[in-house]
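Let me begin by presenting the structure, written as structure tokens, before commenting on it.
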Amino acid sequence: MVRTILVVGAGKSTSYLLDYFLKKSNEENIHLKIGDIHPENIPDEFAQHPNCTVFPLDIFNEAERKKAVSEASIVVSMLPARLHINVAHDCIEFDKHFITASYVSDELRALDEEVKKKGLVFMNEIGLDPGIDHMSAMEVIDRIRDAGGKMLLFESFTGGLVAPESDTNLWHYKFTWNPRNVVLAGQGGAAKFIQEGTYKYIPYQKLFRRTEFMDIEGYGTFEAYANRDSLKYREAYGLQDALTLFRGTMRRVGFSKAWQMFVILGMTDDSYSIENSEGMSYREFVNLFLPYSPTDSVELKMRHYLKIDQDDIMWGKLLELNLFDDSKKIPLKNASPAQMLQYILEDSWTLQENEKDMIVMYHKFGYELNGEKKQIDANMVVTGENRRYTAMSKTVGLPVAIATLKILNGEIKTPGVQIPINKEVYEPILSELHTNGIEFKEYEAPYLGYNPDSVAS
């Protein structure tokens with residue numbers, strides 16, 4: 001009997017996900033159905049495959065959505081996180097397993113009891129970050145514990161970056177995923193983590209000036225700013241007694257200092273609309289955030305406001321974005337500053353057809369074993385092929401695809417709303433990712449934590 005995998009929402013970054021299902025379709029006896037609001041955007045290589053059906057699906061049309069879910073054997077949602085919940089309710093109603101790459105929302109978590117009663121697997125956070133970060137971390141943490149070790153420190157950093165061969169701008173950055181998430185990064189509350197037994201908080205206005213640094217062999221030095229809430233993983237990872245728990249986002253050195261300029265100016269604000277935004281030039285947009293002067297140019301006001309010299313690399317980074325161009329226009333109506341900034345950045349930071357992206361992930365594990373403090377550093381680097389087959393789509397899509405098939409085949413069967421932190425889940429998925437070139441290199445390192453008794457309070 002043919003089994004149907006329903007993928008709801010197949011944007012431009014689902015290439016590896018769809019490719020995996022279709023390559024496995026004959027041997028696994030599966031038919032792929034893709035429901036999307038814009039089915040015309042699904043590439044022909046997928047849409048015309050004999051084991052694939054593409055159809056228009058508006059997830060707000062309850063009848064259409066329920067029909068699609070009821071006819072599936074298993075459901076994968078690649079929709080924005082806020083839209084998962086309706087599909088999830090349908091999966092409960094029609095007894096279907098459900099997979100997403102998104103963070104578990106409170107709404108989804110509230111379904112746990114009902115999902116368990118029905119014996120369903122609702123797997124979330126099974127992409128890159130969150131996803132591969134959970135699985136690769138727990139593999140090492142469980143190994144340390146199984147050997148009788150005690151965890152003292154865990155730090156984890158991930159970056160979606162441009163590959164060295166396609167690094168052609170002063171920011172050393174191009175968009176590899178959702179640009180809106182990049183522009184709004186760090187907003188919505190202070191970053192929270194624990195460092196050497198002390199709780200730490202970084203408000204948004206200081207986030208990009210409090211960075212950590214790390215070296216990746218063969219790729220040089222990177223920086224990382226803190227993610228919003230590292231503490232929520234203490235219980236999930238069983239790290240309640242760890243002295244340090246810190247998660248962050250990686251960039252090339254210098255990016256964060258430059259990004260702080262936009263924060264200072266207020267360009268990343270998404271809380272209000274600019275009434276006359278449509279047709280505004282890039283230059284006019286910049287001038288919105290600068291004091292009035294009857295004599296000084298926008299450039300001069302900008303340098304004075306940000307206290308940067310003409311020969312400063314920061315100034316070069318601003319010029320590179322064509323921020324002072326009066327001929328370039330923003331076509332967005334009643335847009336927020338963040339939306340307008342995003343438009344400007346996409347103009348410069350969009351990957352070209354044959355350019356490559358790069359994913360970098362770095363873990364640091366500090367632990368005590370037999371009275372001796374030890375440290376393991378682990379890193380993963382994945383490079384994309386081109387604009388369609390990106391490293392981002394590979395590292396997000398493949399874990400989702402592998403998990404889906406293993407749940408469908410009954411290899412992963414523990415029910416409930418969950419994330420991939422149990423051996424039943426992470427061992428087989430990491431093993432298959434390894435065969436696809438997604439793997440970590442581990443290094444023994446001197447333990448760099450400190451005695452909390454000696455840390456100044």
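The values are calculated or read from the model by the stated rules, or taken from the named source; none is laboratory data. Everything quoted here is computed from the prediction, not taken from an experiment. Glycine gets a Cβ as well: all are built from the backbone with ideal geometry, and neighbour counts include every protein chain shown.
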Task: Test for residue 289: is it within 33 Å of the chain's Cα centre (by Cα), farther than 24 Å from residue 168 by Cβ and either among the acidic types (Asp, Glu) or part of a strand (DSSP E or B) (or both) - done: no
Open item on the list: Here's a check for you: in the range 218-229, which residue that is assigned to a loop (DSSP other than H, G, I, E, B) and modelled with pLDDT of 90 or more is nearest to residue 154 (Cα to Cα)?
Closed with: 227
Task: The listed residue being within 30 Å of residue 130 (Cα to Cα), of a type outside the set (Lys, Arg) and surrounded by fewer than 19 Cβ atoms within 10 Å (Cβ to Cβ), out of 348, 293, 273 - done: 348
- [ ] Of the numbered conditions (1) out of contact with any strand residue (DSSP E or B) (no Cβ under 8 Å at 6 or more places or on another chain); (2) surrounded by fewer than 16 Cβ atoms within 10 Å (Cβ to Cβ); (3) at pLDDT 95 or above, residue 327 fails exactly one; give the number of that condition.
- [x] (1)
Task: Selected residue (only one of 260, 205 is over 21 Å from the mean Cα position of the chain (by Cα) and either modelled with pLDDT of 95 or more or among the polar types (S, T, N, Q) (or both)) - done: 205
Open item on the list: Against the conditions (1) over 29 Å from residue 164 (Cβ atoms); (2) in contact with a Phe, Trp or Tyr (Cβ under 9 Å, 6 or more places away or on another chain); (3) not basic (Lys, Arg), where does residue 341 fall short? Just the number, please.
Closed with: (1)
TODO: Filter the range 73-89 down to the residues that are outside any helix (DSSP H, G or I) and small (Gly, Ala, Ser), then identify the one that is surrounded by the most Cβ atoms within 10 Å (Cβ to Cβ).
DONE: 77
- [ ] Give the range 173-191 a look and list any residue that's more than 14 Å from the chain's Cα centre (by Cα), surrounded by fewer than 18 Cβ atoms within 10 Å (Cβ to Cβ) and not hydrophobic (A, V, I, L, M, F, W, C), or say none.
- [x] 187, 188, 189
Open item on the list: Looking at (1) surrounded by 19 or more Cβ atoms within 10 Å (Cβ to Cβ); (2) under 28 Å from residue 315 (Cα atoms), which one does residue 230 not meet, given that it meets all the others?
Closed with: (2)
Open item on the list: What's the total number of residues in the range 54-72 that are outside any helix (DSSP H, G or I) and either free of Cβ contacts under 8 Å to residues at least 40 places away in the same chain or crowded, with 17+ Cβ neighbours inside 10 Å (or both)?
Closed with: 9
TODO: Grab the helices (runs of 4 or more DSSP H) fully contained in the range 90-190, keeping just those with 2 or more residues being in contact with a strand residue (DSSP E or B) (Cβ under 9 Å, 6 or more places away or on another chain) and either within 24 Å of residue 245 (Cβ to Cβ) or at pLDDT below 95 (or both).
DONE: 106-109, 132-146, 179-183
- [ ] Considering each of 351, 321, 332, 306 in turn, give the residue that is farther than 30 Å from residue 213 by Cβ and either in contact with a Cys (Cβ under 9 Å, 6 or more places away or on another chain) or of a type in the set (A, V, I, L, M, F, W, C) (or both).
- [x] 332
TODO: Would you please name the residue that is surrounded by the most Cβ atoms within 10 Å (Cβ to Cβ), looking only at residues in the range 233-270 that are polar (S, T, N, Q) and more than 30 Å from residue 301 (Cα to Cα)?
DONE: 244
Task: Members of the range 136-165 that are closer than 30 Å to residue 344 by Cβ and either within 13 Å of the chain's Cα centre (by Cα) or surrounded by fewer than 20 Cβ atoms within 10 Å (Cβ to Cβ) (or both) - done: 157, 158, 159, 160, 161, 164, 165
- [ ] Return the total of residues in the range 196-212 being farther than 23 Å from residue 151 by Cβ and either free of Cβ contacts under 8 Å to residues at least 12 places away in the same chain or assigned to a strand (DSSP E or B) (or both).
- [x] 3
Open item on the list: With the requirement that a residue be surrounded by 13 or more Cβ atoms within 10 Å (Cβ to Cβ) and assigned to a loop (DSSP other than H, G, I, E, B), what does the range 276-286 give you?
Closed with: 277, 278
TODO: From (1) modelled with pLDDT under 95; (2) of a type outside the set (Phe, Trp, Tyr); (3) surrounded by 13 or more Cβ atoms within 10 Å (Cβ to Cβ), pick out the condition that doesn't hold for residue 311.
DONE: (3)
- [ ] Check 223, 212, 196 and return the single one that is on the phi > 0 side of the Ramachandran plot, of a type outside the set (S, T, N, Q) and surrounded by 15 or more Cβ atoms within 10 Å (Cβ to Cβ).
- [x] 196
Task: Pairs, first farther than 16 Å from residue 26 by Cα in the range 37-53, second surrounded by 15 or more Cβ atoms within 10 Å (Cβ to Cβ) and among the basic types (Lys, Arg), C-beta under 8 Å, six or more apart - done: 43/388
